[in-house]
Amino acid sequence: NLYISKGIKQGFIEGPEVLACGRPISITGGHCYYYSWQINSPAEAVKAVRTELMYGVDFIKVHATGGAGTLEGSPLWAELSLEELKAVVKEAHRVSKRVASHAIGRPGIENTLKAGVDTLEHGQYLDDELIEIMCKQGTFYTPTLSGYVPLAEHGLEMGRPQWMVDKAKKLVDQHRVAIERVRKYKEIVVAVGTDSSGEVVEEMELLHSNGYSNLETIIMATQNSSKVLGIED
């Protein structure tokens, strides 16, 4: 996506504007380690950010917890430490780049928020205490229901392994609980986003089926998503 993004910006490819993050940052052996930077200290975190910036990324992605997409580990475990996440955020913000965090389990969400990450992705184990921190800090939220519901319900038909489907099934109900909690807090900017599965329209339908109105869903897919990306003007 990064090279497609650069090709479009430079006029070599026709297409819509693409904002790309390049490779995400994980711990060694952490979530999606097979295509991520694998770091083990704040210094290595800074190096990973600087390397991504060298390649021209638009924002930085971190994996604060495990996930359904990796056999090893658990979505409930914190992976990147608070100190590593703080180092990423400080280096990215130094050059006005935002940081997005894959975070599912509570300890990793808490580290994400304490580090000052700009946008929380997934967030299945959000509770009221964490949501109130998001409100105070202005943390954006991208639920990505379409990354888990189809995987849990049709994963085998999609060609995904049984272990991945099983992990997704354990997260679906908790995801709906998190959405129900977030809906009570009108201050939070919720954006429409997908994951390694799902489409934008599918995400909108899932958010609508989880209690958001037609208008709220449209606003999340347009105005709110542009705010998350910093292109609302």
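The values are calculated or read from the model by the stated rules, or taken from the named source; none is laboratory data. Because the structure is predicted, anything quoted here is derived from the model rather than measured. FYI the Cβ positions are ideal-geometry reconstructions off the backbone, even for glycines, and counts take in every protein chain you see. The protein model used for the area step is the full one, side chains on, heavy atoms only, and it has no ligands, DNA or RNA in it. Shrake-Rupley method; radii C 1.70, N 1.55, O 1.52, S 1.80 Å.
Backbone amide hydrogens, once placed in the peptide plane, bring D195 within less than 5 Å of G147, excluding anything fewer than 5 places away on its chain. Using a 1.4 Å probe on the protein heavy atoms, what percent of the accessible area of segment 1-131 belongs to carbon and sulfur? Carbon and sulfur atoms account for 55 percent of the accessible area of segment 1-131.
Translational diffusion of the chain was estimated from the Stokes-Einstein equation, with Rh taken as the Kirkwood radius over Cα pairs; at 20 °C and 1.002 mPa s the coefficient is 120 µm²/s.
Couplings for segment 178-193, taken from phi via the Karplus curve 6.51 cos²θ - 1.76 cosθ + 1.60 with θ = phi - 60°, read 4, 4, 4, 5, 4, 4, 6, 10, 5, 5, 7, 7, 9, 10, 8, x Hz in order; Gly and Pro are left as x. Amide H contacts of R98: I60, each under 5 Å away and 5 or more positions distant or on a separate chain (H built 1.01 Å from N in the peptide plane; Pro and chain starts excluded). Using the rule -39500 (n - 2.57) for each DSSP H run of four or more residues, divided by the residues of the chain, the 222 nm mean residue ellipticity is -13000 deg cm²/dmol. Charging the Cβ of each Asp and Glu at -1 and of each Lys and Arg at +1, and nothing else, the dipole of the chain about its Cα centre rounds to 580 debye. On a per residue basis, segment 2-138 carries 46 Å² of accessible surface, using protein heavy atoms and a 1.4 Å probe.
In loop segments of segment 111-220 as defined by DSSP, the GluC sites (Glu not before Pro) with at most 16 further C-beta atoms inside 10 Å of their C-beta are E157, E187, E199. Taking amide H positions as modeled 1.01 Å from N, with prolines and chain starts lacking one, the residues under 5 Å from I39 and 5 or more places away or on another chain are S26, I27, T28. Rounded to whole numbers, the Karplus 3J(HN,Hα) couplings from phi for segment 227-233 are 5, 4, 7, x, 10, 5, 7 Hz, using 6.51 cos²θ - 1.76 cosθ + 1.60 with θ = phi - 60°, and x at Gly and Pro.
Applying both filters, DSSP loop and at most 11 other Cβ atoms within 10 Å, to the chymotrypsin sites (Phe, Trp or Tyr not before Pro) of segment 163-233 eliminates every site. Quotient of the Cα radius of gyration of segment 132-201 and 2.2 N^0.38 Å, N being its number of residues: 1.24. Karplus-based coupling profile of segment 44-61, in residue order and whole Hz: 5, 5, 4, 4, 5, 4, 5, 5, 4, 4, 4, 7, x, 5, 8, 7, 10, 10, with θ = phi - 60° in 6.51 cos²θ - 1.76 cosθ + 1.60 and x standing for Gly or Pro. Qualifying trypsin sites (Lys or Arg not before Pro) in segment 167-215, where qualification requires a DSSP coil assignment and no more than 10 other C-beta atoms within 10 Å, comprise K184, K186. Which pairs in the list K61/K227; K186/K227; K6/K167; K136/K184; K114/K227 are over 25 Å apart, alpha-carbon to alpha-carbon? Where the Cα-Cα span goes over 25 Å, the pairs concerned are K6/K167.
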